[in-house]
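Only one structure is covered here, and it is reproduced in the block below.
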Amino acid sequence: MASLADPLATLKRARKDLAALKERVETLRHTGEREFVNLEPDRKISGRWHYKLPNAFKDVSTDVGVIAGMLRSILDQLVFALFELDSGHPPPAKRRTQFPICQAPNDFCSRIKPDLEGLAVEHIVLIRQLQPYNGGHWLTRLKSLAEEHKHKKLIFLKAEGTPGGSYRARATDPTNLHTFHTFKSGVKAPKSMYVDSYISGTITLADGTPIIDTLEILQAQVSSVIDSFKPLFDS
């Protein structure tokens, strides 16, 4: 029987993950996150050594991509459910169903057969009305974030005043030192350190849009779409 059980379950998980991301961001602001780093030779410049500082935004960026991908998949699950509702059976194994996100009417028309074939005309019309060219501009942002993560790229994030994060470090063992014999005085440095990374200010996308606010808006929009289709499955 066709239902919205899958998209609703994924939406519940997305909400949980977004709440966890907000907690992580608050941790980065107040207590920081600790990472262990070693003193190591620079692979590009002979004779230079360094500590590779952690990317304070890396885990946050990954979480943003995962949540965006989850929200995007909810719309695809909606199309799957509509196919089952309209045809009386799930799509064949080799049949792809997908919620198209298009910038122009012609683009949407070209996606009907590969993405929406098998859906009732009235349901295709409902999906068409949600498209960016009909005012659903939030879908463009969702698609961009989800695809950036899908292609294994870290979504670029920044924070006012700390584009790479702020750091506090201390040696794990002040007596375990590396001696640089290239210096007459025998300069020494700890072989390993704990580095606490912090982020101050609001974390944003490259265009300055606050990322938590953006995800909350996208989540609300996806939830609204699912709610608008509920009466079809309740009747």
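The values are calculated or read from the model by the stated rules, or taken from the named source; none is laboratory data. These figures come from a predicted structure and were not determined experimentally. Every residue, glycine as well, gets a Cβ built from its backbone with ideal geometry; the counts of neighbours run over all protein chains shown.
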Of these, Arg128, Arg72, which one is surrounded by 15 or more Cβ atoms within 10 Å (Cβ to Cβ), charged (D, E, K, R), in a helix (DSSP H, G or I) and touching a residue at least 40 places away in the same chain (Cβ under 8 Å)? Arg72
Residue by residue through segment 171-184, note down the ones that are at pLDDT 75 or above, part of a strand (DSSP E or B) and either within 25 Å of Lys58 (Cα to Cα) or among the hydroxyl-bearing types (Ser, Thr, Tyr) (or both). Thr179
Considering only segment 196-214, I want to know if a residue exists there that is at pLDDT 85 or above, out of contact with any strand residue (DSSP E or B) (no Cβ under 9 Å at 6 or more places or on another chain) and not charged (D, E, K, R). yes
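Just a yes or no: is a residue in segment 99-106 modelled with pLDDT of 95 or more, touching a Leu at 6+ places or on another chain (Cβ under 6 Å) and more than 23 Å from Glu147 (Cα to Cα)? Show your work before the answer.
Taking segment 99-106 first, the residues modelled with pLDDT of 95 or more are 99-106.
Right, trim to touching a Leu at 6+ places or on another chain (Cβ under 6 Å) and you get 99, 101.
Subset that is more than 23 Å from Glu147 (Cα to Cα): none.
No, every residue in segment 99-106 fails to be modelled with pLDDT of 95 or more, touching a Leu at 6+ places or on another chain (Cβ under 6 Å) and more than 23 Å from Glu147 (Cα to Cα).
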What's the number of the only condition in (1) more than 22 Å from Lys58 (Cβ to Cβ); (2) modelled with pLDDT of 95 or more that Arg141 fails to meet? (1)
Does at least one position in segment 32-39 carry a residue that is touching a Ser or Thr at 6+ places or on another chain (Cβ under 7 Å), assigned to a loop (DSSP other than H, G, I, E, B) and of a type outside the set (D, E, K, R)? yes
Say we look at segment 45-69 and pick out the residues that are among the small types (Gly, Ala, Ser) and either in a helix (DSSP H, G or I) or touching a residue at least 60 places away in the same chain (Cβ under 8 Å) (or both); which of these is farthest from Ile101 (Cα to Cα)? Gly47
Subset of segment 35-54 [farther than 16 Å from Leu177 by Cα and at pLDDT below 75]: Gly47, Leu53, Pro54
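Mind telling me which of the residues Arg43, Arg96, Arg24 ends up being more than 30 Å from Thr202 (Cβ to Cβ), in contact with a helix residue (DSSP H, G or I) (Cβ under 8 Å, 6 or more places away or on another chain), surrounded by fewer than 17 Cβ atoms within 10 Å (Cβ to Cβ) and of a type in the set (D, E, K, R)?
Arg96
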If we take segment 185-235, then strands (runs of 3 or more DSSP E) inside it with 1 or more residues that are of a type in the set (Asp, Glu) are 192-198
